[in-house]
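Asker: Got a structure for you, questions after.
The values are calculated or read from the model by the stated rules, or taken from the named source; none is laboratory data. Quantities reported herein were computed from a predicted structural model and do not represent experimental measurements. As a convention, Cβ positions derive from the backbone with ideal geometry for all residues, glycine included, and neighbour counts pool all protein chains shown. What goes into the accessible areas is simple: the full protein's heavy atoms, side chains included, and nothing from ligands, DNA or RNA. Shrake-Rupley method; radii C 1.70, N 1.55, O 1.52, S 1.80 Å.
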Amino acid sequence: MLYSGIDMADITLEDISHLAVLARLNLSEDEKKQFSTQIPAIVAFVDQLQKVQIVEKADNQAVALANMREDVVGQEHLSPEQLAKLAGQNWDTNTNQLQVPAVFGEVADE
Amino acid sequence: MSSATDYLAAIKTEQLNAFRFVPEQPLTTGEGELSDVAIAVKDNILVADWPAGAASKILEGFTSPYDATIIRKLKKAGVSLVGRTNMDEFAMGGSTENSAYGVTKNPWGQNTVPGGSSGGSAAAVAADLCDAALGSDTGGSIRQPAAFCGVTGLKPTYGAVSRYGLIALASSLDVIGPLARTAEAVERVFAVIAGKDVLDQTTIDYTYKPTEINFSSLRVGLPKQWWELTIDPEIAQAMTNFVDWLKAKGVQTKELDMPTLPFALPAYYIILPAEVSANLARFDGIRYQQSVGGKTLLDRYKNTRALFGPEVKRRLLLGTFVLSHGHYDDYYQQAVAVKNQIAAEYRLAFTEVDIIVGATTPTLPFTIGQNANDPLAMYQSDLLTVSANLAGVPALSLPVGFSGSNLPIGGQLTSAHQREDLLLALAKVYQQETDWHTRKASNG
């Protein structure tokens with residue numbers, strides 16, 4: 001290996017489960033076990049960044065953009081026909097709207 | 001040179017698993033400056049009415065509703081499109097082993113990987129299944145597979161090529177670029193796809209103009225942080241030979257000191273997962289076809305997103321971690337500061353030199369399965385390529401030799417923003433005087 005020493009960062013199986021909830025991921029027990037060894041090792045690897053002497057403080061932007069937004073005239077959009085094709089059976093042709101599962105409350109499985 | 005129809009016939013019987021989708025007929029688009037060019041498209045670049053999957057189960061059944069801007073440009077230039085190439089899922093990986101549809105085999109054989117994430121594209125070019133292929137490069141995903149497959153691959157300046165219609169991985173790092181056998185073919189494709197796009201606000205005004213190399217005034221930099229690393233000795237020797245060739249042409253070489261360079265890989269593996277965790281939030285079971293139900297909407301999110309492969313899940317968890325409360329400053333903010341510092345070191349270096357030279361990869365192509373259960377070992381494959389993405393500078397990999405076991409070796413040339421002309425000009429001269437790039441893999 002080209003990196004030296006692996007210190008395991010202090011991340012537990014419970015932390016992995018919590019991160020999975022935040023990331024909206026279902027993990028199997030096997031996956032949780034595997035990630036609970038791999039993720040701490042990766043975090044321990046990236047921890048070496050703490051050693052870097054930063055000469056200039058970063059701004060918050062990873063990409064320097066002078067103009068974040070400009071209004072574009074004649075911007076193309078997907079037509080209702082293209083949207084219908086994309087949405088497949090979820091497209092309501094009467095209202096030209098996309099049907100999505102209910103946001104609130106419990107629903108029966110489709 | 002084969003016709004698109006000839007290529008398609010070869011593609012339909014190829015045994016490398018380089019292609020994800022093969023059309024019945026090549027998509028030919030008429031006359032233009034590239035109408036003699038048949039191109040394979042990486043599976044994360046949208047072609048209207050073709051499936052687009054980024055080699056992921058979560059996009060199974062999805063058909064592109066529109067062309068990526070660069071596809072529109074290439075169609076206008078008259079290219080033929082011959083299919084979509086295999087890749088690591090969502091471009092996460094260095095071997096194409098993370099594809100949900102099986103690994104692509106390196107045409108140079110010995111059960112080796114073609115590299116990744118644009119492994120299918122690199123293999124397709126090396127196996128002469130197309131004239132050129134499109135890839136994307138976020139941390140080395142064009143250059144590393146180009147090196148592993150013995151072809152030429154260009155990662156352009158960040159912003160030189162529109163990302164509209166590229167399935168996003170890390171939006172501050174992603175760049176689309178061409179792969180081909182020769183720098184000349186790479187240059188022809190790049191000239192067409194480069195340029196500002198109103199649909200991608202990170203693009204820059206860029207009209208590509210070729211140049212000629214003046215060897216007596218060319219200054220080449222050799223970062224000691226790269227050249228002092230212990231890498232595969234055959235790669236190290238090939239790179240020494242390459243520098244000797246430059247010196248014999250009258251080039252001045254200079255050692256560079258870029259002290260933040262060794263921290264590029266850890267910085268990348270914070271920034272990339274962070275941006276990935278945001279970009280892949282859109283795969284929620286509401287859009288893009290695949291939807292696995294449950295009692296609640298939250299179940300639908302979690303059940304659908306279970307379709308991601310393990311490397312994707314790993315990076316989503318990592319990204320969520322480095323952006324989370326209590327860790328954001330130490331990890332993400334620090335990584336962005338390191339990224340900016342590396343960019344500044346490159347800017348300083350390019351006031352002293354014109355081209356930076358080093359190996360593309362620290363190892364020869366590894367065997368399939370070798371790094372599959374060791375993510376950190378896999379990430380090391382990006383060691384020499386990620387800094388160009390962090391700095392946004394262009395970099396090219398070209399074949400510079402072969403190992404004793406007949407596996408390709410790639411050398412990497414890096415230049416300042418918008419100086420792809422220097423990289424391509426130097427590569428073209430080198431390819432006039434050497435034949436590494438013409439060798440045929442026997443297992444294609």
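Asker: Could you order B:Leu246, B:Leu199 so the one with the most accessible surface comes first? Probe is 1.4 Å.
Answerer: These residues rank, largest area first, as B:Leu199, B:Leu246.
Asker: Distance from a point 7 Å along Cα→Cβ of A:Phe104 to each backbone N in the range B:286-326: keep the residues under 17 Å and list them by number.
Answerer: What the label zone holds, given the 17 Å backbone N cut-off, is B:296-298.
Asker: What are the GluC sites (Glu not before Pro) within the range B:179-285 that DSSP puts in a loop, where the Cβ has at most 15 other Cβ atoms within 10 Å?
Answerer: Answer in residue order: B:Glu212, B:Glu228.
Asker: Right, next: Near the amide H of B:Ser99, under 5 Å away, which other amide H atoms are found, from residues 5 or more places off or on another chain, if H is placed in the peptide plane?
Answerer: Placed amide hydrogens put B:Glu89 under 5 Å from B:Ser99.
Asker: Note down the magnitude of the dipole of the range B:239-283 about its Cα centre, charges +1 on Lys and Arg C-beta and -1 on Asp and Glu C-beta and zero elsewhere, to the nearest 20 debye.
Answerer: 160 debye
Asker: Follow-up question, since we're still on this one. Would you mind computing the Rg to Rh ratio of chain B from its alpha-carbon coordinates, Kirkwood style for Rh?
Answerer: 0.95
Asker: Then there is this: Once you charge only the Cβ atoms, +1 for Lys and Arg and -1 for Asp and Glu, what is the size of the charge dipole of the protein assembly as shown about its Cα centre, to the nearest 20 debye?
Answerer: Result for the protein assembly as shown is approximately 400 debye, rounded to the nearest 20.
Asker: How big is the antiparallel share of DSSP beta bridges in the protein assembly as shown, given as a percent to the nearest 5?
Answerer: 70 percent
Asker: Give, as a single signed number, the net charge of other residues whose beta carbon lies under 15 Å from the beta carbon of B:Pro210, with Lys and Arg counted +1 and Asp and Glu -1.
Answerer: With Lys, Arg at +1 and Asp, Glu at -1, the net is -2.
Asker: Ignoring any ligand, DNA or RNA, what whole percent of the accessible area of the range B:153-217 comes from carbon and sulfur when the probe is 1.4 angstrom?
Answerer: That share works out to 48 percent.
Asker: If one computes the Cα centroid of the range B:409-444 and of the range B:172-228, what distance in Å separates the two points?
Answerer: The range B:409-444 and the range B:172-228 have Cα centres spaced 12 Å from each other.
Asker: Name the residues of the range B:375-394, by number, that are at least 40 Å² less accessible with every protein chain in place than in the isolated chain; the surface is that of heavy atoms, probe 1.4 Å, without ligands or nucleic acids.
Answerer: B:Leu376, B:Gln380
Asker: What are the lysines whose alpha-carbon lies under 21 Å from the alpha-carbon of B:Lys57, with same-chain residues fewer than 8 places away excluded?
Answerer: Within reach: A:Lys32, A:Lys85, B:Lys42, B:Lys105, B:Lys302, B:Lys313.
Asker: Any idea of the accessible area per residue across chain B, 1.4 Å probe, to the nearest Å²?
Answerer: For chain B, the per-residue accessible area is 32 Å².
Asker: Which of B:Gly94, B:Thr211, B:Tyr332 sits closest to the plus end of the dipole of the protein assembly as shown, meaning its Cα is farthest towards the positive end, when Lys and Arg get +1 and Asp and Glu get -1 on the C-beta?
Answerer: B:Thr211
Asker: With a cut-off of 20 Å, note down the residues of the range B:62-100 whose backbone N falls inside the zone around a label point 7 Å from the Cα of B:Arg439 toward its beta carbon.
Answerer: What the label zone holds, given the 20 Å backbone N cut-off, is no residue at all.
Asker: Next question, about the same structure. If I model the range B:277-370 as equal point scatterers sitting on the Cα atoms and use the Debye formula, what is log10 I(q)/I(0) at q = 0.17, 0.21, 0.22, 0.23 Å⁻¹?
Answerer: -0.96, -1.04, -1.06, -1.09
Asker: On to the next question. Hydropathy at least 1.6 by Kyte-Doolittle, axial extent at least 30 angstrom from the Cα trace: which helices of chain B, defined as entire DSSP H runs, fit?
Answerer: For chain B, where a helix must reach 30 Å along its axis and average at least 1.6, there are no hits.
Asker: OK, next. Residues of the range A:37-55 that become at least 30 Å² less accessible with every protein chain present than in their own chain isolated, using 1.4 Å: which are they?
Answerer: Buried-area filter returns A:Gln38, A:Ile39, A:Ile42, A:Val43, A:Phe45, A:Val46, A:Gln48, A:Leu49, A:Gln50, A:Val52, A:Ile54.
Asker: B:Gln25 versus A:Thr95, label points 7 Å from Cα toward the beta carbon: distance in nm?
Answerer: 4.2 nm
Asker: Right, next: Report, in cubic angstrom per residue, the convex hull volume of the C-alpha atoms of the range B:1-58.
Answerer: Taking only Cα atoms, the range B:1-58 has a hull volume of 105 Å³ per residue.
Asker: Rounded to a whole number, what % of the accessible area of the range B:10-62 do carbon and sulfur atoms account for, probe 1.4 Å?
Answerer: With neighbouring chains kept in place, the figure for the range B:10-62 is 48 percent.
Asker: Tell me which GluC sites (Glu not before Pro) from the range B:20-105 have a DSSP coil assignment and no more than 14 other beta carbons within 10 Å of their own.
Answerer: B:Glu24, B:Glu31, B:Glu33, B:Glu60
Asker: Divide by every residue of chain B the summed helix terms, -39500 (n - 2.57) for each DSSP H run of at least 4, and state the resulting mean residue ellipticity at 222 nm, rounded to the nearest 500 deg cm²/dmol.
Answerer: -9500 deg cm²/dmol
Asker: Answer with one residue from B:Gly119, B:Gly32, B:Pro51: the one whose Cα lies farthest towards the positive end of the charge dipole of the range B:1-139, charges on Cβ with Lys, Arg +1 and Asp, Glu -1.
Answerer: B:Pro51
Asker: What's the buried accessible area, both sides, between B and A using a 1.4 Å probe, rounded to 100 Å²?
Answerer: Buried surface at the B/A interface: approximately 5400 Å².
Asker: Stick to the Cα atoms of the range B:302-343, pair each with every other, and give me the Kirkwood hydrodynamic radius in Å at one decimal.
Answerer: Hydrodynamic radius (Kirkwood, Cα only) of the range B:302-343 equals 11.7 Å.
Asker: Pick out, from B:Ala10, B:Ala236, B:Ser64, the residue whose Cα sits farthest towards the positive end of the charge dipole of chain B, with +1 on the Cβ of Lys and Arg and -1 on the Cβ of Asp and Glu.
Answerer: Going by the charge dipole, the pick is B:Ser64.
Asker: Under the 0.36 nm per residue contour assumption, what length would be gained going from the current alpha-carbon distance of B:Thr367 and B:Arg282 to full extension?
Answerer: Computed gain between B:Thr367 and B:Arg282 is 27.2 nm.
Asker: Of all accessible surface on the range B:308-444 at a 1.4 Å probe, what whole percent is carbon and sulfur?
Answerer: The nonpolar share, carbon plus sulfur, comes to 49 percent.
Asker: So what's the Cα pair-distance distribution over the protein assembly as shown, bin width 10 Å, in %?
Answerer: 4, 19, 30, 28, 15, 4, 1, 0
Asker: To continue, here is another question. Between A:Glu56 and B:Glu234, what is the label-point separation in nm under the 7 Å Cα-to-beta-carbon projection?
Answerer: Rounded to a tenth, the inter-label distance reads 4.4 nm.
Asker: Running Debye on the range B:191-288 with equal point scatterers at the Cα sites and no solvent, what base-10 log of I(q)/I(0) appears at q = 0.11, 0.16, 0.18 Å⁻¹?
Answerer: Here log10 of I(q) over I(0) equals -0.69, -1.05, -1.08.
Asker: To continue, here is another question. Which residues of the range B:296-319 show a drop of at least 40 Å² in accessible area when all protein chains are present, compared with their chain alone (probe radius 1.4 Å, heavy atoms only, ligands and nucleic acids excluded)?
Answerer: B:Leu297, B:Arg300, B:Lys302, B:Arg305, B:Lys313, B:Arg314, B:Leu317, B:Leu318
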